[in-house]
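Notes follow once the structure below has been shown.
The values are calculated or read from the model by the stated rules, or taken from the named source; none is laboratory data. Keep in mind that this is a model prediction, so the values were computed, not measured. Note: ideal-geometry Cβ built from the backbone for every residue, glycine included; neighbour counts use all protein chains shown.
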Amino acid sequence: MNIPDTRLITDFTNLAAQKWMITNDGVMGGNSSSQFQINKDGNGVFIGTISLENNGGFASVKNHEPINLSGFSFIRLSVKGDGNRYSFRLQTGSNGQVNPWSYEHRFETKDNEWTEIDLPLNKFVPTYRGSTPDDAPPLDPSDIKRYGFLISDDQEGDFRLEIEQILAF
C-alpha cells in the first residue's frame, strides 16, 4: 500500500547499525528471558519466554536510536504475532537524559498471521512500571530517544513477534 508522507523507521536490513537492547524482568528478580534477532527473511524477531515466578512477567526490546517524528500522526507496524498482546513504546527525554517513563500503545496480534497495525501518536499513554505518572507531559514526537516492544500483562509462556518494518505516516 502506498502511503503519502511516510518515513521508514526501520526495516532491519542493517541490524549491526541499529542499537537494539533487551531488558527483561531479571532486573527486578524475575526469570523471563528473551532475544532479538534477524531471521532468514530479514525481519526482526523478538522471541522468548515469560515467567511469572519471583514477581516477574515482562520482556522488552528497545532501539536506542533517537528519531524525530514531528509532523507524523501514526506508527504503522507490519508484524506476525502469536496471539499475544504487546505494547509499542516510545521514550522521550531532555538535556541528554531519557525520561524514566514510556509512552505506550498496546496492540493485539493474530497467531501466525501478518497484520498491519496503525497506532495513532495522540493515543500513546504515559506509563512507568505499570502505572500512569501524574507528571508526564504529552508525548513530544520530535524528541524520541528510544522505541521498542514490550510483552507483559501476566501472559506466561513462550512468545514470538516477527517485525517486517516500522513506519511513520
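Couple of notes before you dig in:
Matching residues to (1) among the aromatic types (Phe, Trp, Tyr); (2) touching a Pro at 6+ places or on another chain (Cβ under 7 Å):
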| residue | (1), (2) |
| --- | --- |
| His105 | no, no |
| Glu113 | no, no |
| Ile117 | no, no |
| Leu121 | no, yes |
| Phe124 | yes, no |
| Thr127 | no, no |
| Ile144 | no, yes |
| Phe149 | yes, no |
| Asp153 | no, no |
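- Out of Glu116, Glu108, Glu164, sole residue that is surrounded by 13 or more Cβ atoms within 10 Å (Cβ to Cβ), touching a residue at least 12 places away in the same chain (Cβ under 8 Å), out of contact with any Phe, Trp or Tyr (no Cβ under 7 Å at 6 or more places or on another chain) and among the charged types (D, E, K, R): Glu164
- Residue satisfying all of: in segment 147-161; charged (D, E, K, R) and closer than 15 Å to Phe46 by Cβ; surrounded by the fewest Cβ atoms within 10 Å (Cβ to Cβ) among these: Asp158
- Residues in segment 15-36 that are under 18 Å from Arg146 (Cα atoms) and not in a loop (DSSP other than H, G, I, E, B): Leu15, Ala16, Ala17, Trp20, Met21, Ile22, Thr23, Asn24, Gln35, Phe36.
- Members of segment 126-143 found to be among the β-branched types (Val, Ile, Thr) and surrounded by fewer than 14 Cβ atoms within 10 Å (Cβ to Cβ), listed by number: Thr132
- Every residue from segment 27-42 that is in contact with a helix residue (DSSP H, G or I) (Cβ under 9 Å, 6 or more places away or on another chain), small (Gly, Ala, Ser) and at pLDDT below 95: Gly29, Gly30
- Phe12 being at pLDDT 95 or above, in a loop (DSSP other than H, G, I, E, B) and surrounded by 14 or more Cβ atoms within 10 Å (Cβ to Cβ): no
- Leu90 being among the aliphatic types (A, V, I, L, M), more than 12 Å from the chain's Cα centre (by Cα) and crowded, with 17+ Cβ neighbours inside 10 Å: no
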